[in-house]
Each structure stands twice: as C-alpha cells, then as structure tokens.
Amino acid sequence: MAKPVIAIVGRPNVGKSTLFNKLIGERRAIVEDSPGITRDRIYGETEWRGKNLVVIDTGGIEPKTDDIILKKMREQAQIAIDTADVIIFMCDIRTGLLADDLDIAVMLKKSRKPVVPCINKADKIGDLPPEYYEFYELGFDIDPIAISSLHGSGSGDLLDACLEALGDFEDEEEDDDIVSVAVIGKPNAGKSSLVNRVLGDERCIVSDIPGTTRDAIDTYFENEHGKYNFIDTAGIRRQSKVDEKVEKVSVLRAKMAVERANVCLIMVDANQGVTEQDERIAGIAHEAGKASIICINKWDSIDKDNSTTNEFTKKVYDALSYMTYAPLMFISAKTGQRVDKLFEQINYVHNQTNMRVSTGMLNDVLADAIARVQPPSDKGRRLKIYYMTQTQVAPPTFVIFCNDAELFHFSYQRYIENCLRETFGFKGTPIKLIIRQKGDDDNNA
C-alpha cells in the first residue's frame, strides 16, 4: 500500500488529533482538552487533489521527560517520523514558540524528511498576529502555515504544501484483499503485546498499566499468508468502572473497531480464565456477526499436565456457550508461542464466514434434518418447512420459509443450525437464521 504518508507531530495538546479527524473526515482519534490523550500512532486516509494520502496522528512529544508513558509516546512519534514521507509539525500560536518546539525542530531536521510547519489555533487566518512570525525561527525551508484545526480553515493550504513537498509520488493500485483483524479484550489482556509480536516492532505502547491504549489503532501488515489490517483496541472495562469520559469514548472506539473488522481476536488472560467481562466483550463480536477466534493468552505462565488444555477448553465453552463455533488458540504474546499459527486460523475463519452454499445443497440438508427430527407441533398444528436459501455472507445468513413462524421454536432453529455446521463447517462464524412465514413480507427471527 504505497501511498504517501503524512505524520502529524508536535507537543501535547496543540491540536494534532483535531486536525487528524478533520483531514480524514471522521472522529477516529480521541479529542479531549488534556495532554497525553493520544498515546500511539493512529492511521487514517484522506484524498486531496486526486491523491490518496495516509495520515498518522501521534502522541505529543515531550523532549525531556522521565515519565514512562511520555517516553513511550516519544518513541512512537519517532517511528511515525521514520515512516512518513512528509511531516506536519504543529505548534500553538496561543502559547507562542516554546523551547520544546525548538527541541522538536532539531529532532525533525535529523530525519532529513520534508517538514511543513503548521501554526494552529490561528482563528483569524487573514489577520495574523505578530506572534505568527516568531515561528520562522524554527528554521525550515517551507513557510509556516497558519490554520485552525477546530474550524478547518487553512487545512487546504496545509495539504497543498504537503503535496508540493512530496513532489512526484506515484500511487499504487488499491488492494481489496486486506483482512481487517480487531484485537479485543479487557485491559491488560495482552492485546498490544500480541500486535507488536505479530508485526515484529513496537507498534503499540506496551506497559503493565491498564488502559494504556486509548484509541483503536490500525496497522497494515503483509506476510506470506496474506495482507492484513490489525486493529489494536482499548481494553473494554466493566461499565461500573468506566467513569472517565475518555474511557467511555475508548469503549465506543473498540465497538466501532469490531464493526469494521472482518475477524475478531478475543484475548482472554489464561491466569484469570473467562470472566464476566470477557463474556460481555465476546458478546459484542457475536452480536455484530463477526468471525472470531478466542485467544487464550499468557499460556506460558500456566502450570500444565495432560488434562490442562482439555479442562480449560471446557471451562471456556461453558462460559461462552453461545460461541462454541469459535476456535480456541492457546498462545503467548510474550514468548511468541503459536502466534505464527494465528494467520492460518484468521484466513480459515474469514473464508468460512464468506462461504456461499447453493440453494439445492441447502435444501438437501434441510430435507435430511426434517426426516431425522420431526418439526414441532402445537395444538394439533404442525410446523411445515418449505425451503431455505442463503441471502448473504459475513455472517452467513439464511432465510427459511414455513407455514407458521410461531411454531418454529428456538430449539428447532438451533437444531437446523447444528445440521448446517455438521455438513458445511462454518467454523469460527456465527450463523443467522431468518424465519419467514410464507406469504408474509415480514421477517420473524
């Protein structure tokens, strides 16, 4: 995916995430009036003057700090700088030029990448205050561009300057074969560690402090198994624990990440087993109809004997009885145990959720199922099932026509679903059945 990459960097709380959201046209980065909200690199895409661009939002750079999270944020910003083709260096006209801005400018000059100075919070673009001109002291070849990221004014000039700095940059063709994988779970289950292990670099901030990842973070990745977009999500806390406004938005981001994913990796801490919180998180993926893999992480820290795996598997499926279709993988993000096997499973469940079955084959299975177990009856009236057809994939969705939808009890629906799974597999994916009374236009699930 060789599209031009633009990284937005600067001190904390200068408006980087607001500009990022404005450029990509959606609220993907969390915006809050307190420093340190964006901690990792967040990717998005935009189009300007016929050119497709990748934009990276970064955590604020504190050049001199001993705080572990701030140091990690600075490392993430450095990786974004190394990745970028052009850098937007954002400063704040209200605070004026600070010593930290000058230190960051030195850091950017060492990258030898084109840098576009961006002076934010200049709400009156046509009438620039004298403070604007002090930013020429940054010493870049490109003149500082005044913008208001909140109102969007000046953003066109900013993108024009970025394209000019890029020069001749040829886009490659868009690739539709990318599998989006959302990594979900409660805080500190090892989501970021898994993404970093898969990617082989410090893509996401990893620490023992729960809640370190606050945004859903996209990373494109390609290997011999295929092309993937890994989405590392903020840990989903119990509702009673979600007091802080930013945490509430983080939970929403995780749910949105599930919606745009093809496959969900549900991370469960092996030391804790499946908790009520894990059940709720898995339910989000199930209700969204997403193909899923249950990843039992930190398996290296468990004392095992010959029956440990089987006993743990039974406990997982007892707790997640509605997700027995999802395969289990016992992994360790820390040591890399079985992580390389994940891609085969991701591809497998992705293919399963996109499987189509002909109407003829479906009705052969249906006829056999009815012959083995007679449909239920009530007060002398028996359920008659006429035929079944598949209407969509991801998840596989089937419409079944019958004489009386009220007679089609849930238990018999589950029986039909099990017959479909016995014949066709559908491993790793939920199945949706829509019961339609013949002659009716309404669906009765």
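The values are calculated or read from the model by the stated rules, or taken from the named source; none is laboratory data. Keep in mind that this is a model prediction, so the values were computed, not measured. All Cβ positions, even for glycine, are placed from backbone atoms using ideal geometry, and neighbour counts span all protein chains on display. Only protein heavy atoms, including side chains, enter the accessible area calculation; ligands, DNA and RNA are left aside. Shrake-Rupley method; radii C 1.70, N 1.55, O 1.52, S 1.80 Å.
Observations on the structure shown:
- Net charge over other residues, Cβ less than 15 angstrom from the Cβ of Pro376 (K, R count +1; D, E count -1): +3
- Listed values for the stretch 349-362 are Karplus-derived 3J(HN,Hα) couplings in whole Hz (6.51 cos²θ - 1.76 cosθ + 1.60, θ = phi - 60°), namely 5, 5, 5, 5, 6, 9, 6, 10, 10, 5, 4, x, 5, 4, and x replaces Gly and Pro.
- Local electrostatic count, Tyr387, Cβ distance below 12 Å [Lys/Arg +1, Asp/Glu -1]: +2
- Phi-derived couplings, Karplus 6.51 cos²θ - 1.76 cosθ + 1.60 at θ = phi - 60°, listed residue by residue for the stretch 390-401: 8, 9, 6, 10, 6, x, x, 10, 10, 9, 10, 9 Hz, with x used for Gly and Pro.
- Along the axis of the charge dipole computed for the stretch 316-388 (Cβ charges of +1 for Lys and Arg, -1 for Asp and Glu, origin at the Cα centre), the listed residues Ser377, Ala333, Val316 are led at the positive end by Ser377.
- Between Lys432 and Asp305, full extension at 0.36 nm per residue minus the direct alpha carbon distance yields a gain of 41.9 nm.
- Where the stretch 311-352 is the region considered: accessible area per residue in Å², 1.4 Å probe: 49
- Heavy-atom accessible surface of the stretch 291-332: percent carbon and sulfur, 1.4 Å: 48
- Residue-wise HN-Hα coupling along the stretch 95-111, computed from phi with Karplus coefficients 6.51, -1.76, 1.60 (Hz; x: Gly, Pro): 8, x, 6, 10, 4, 5, 4, 5, 5, 5, 4, 4, 4, 6, 5, 5, 6
- Of Lys191/Lys304; Lys22/Lys51; Lys113/Lys191; Lys191/Lys290; Lys290/Lys438, those spanning more than 26 Å from alpha-carbon to alpha-carbon: Lys113/Lys191; Lys290/Lys438
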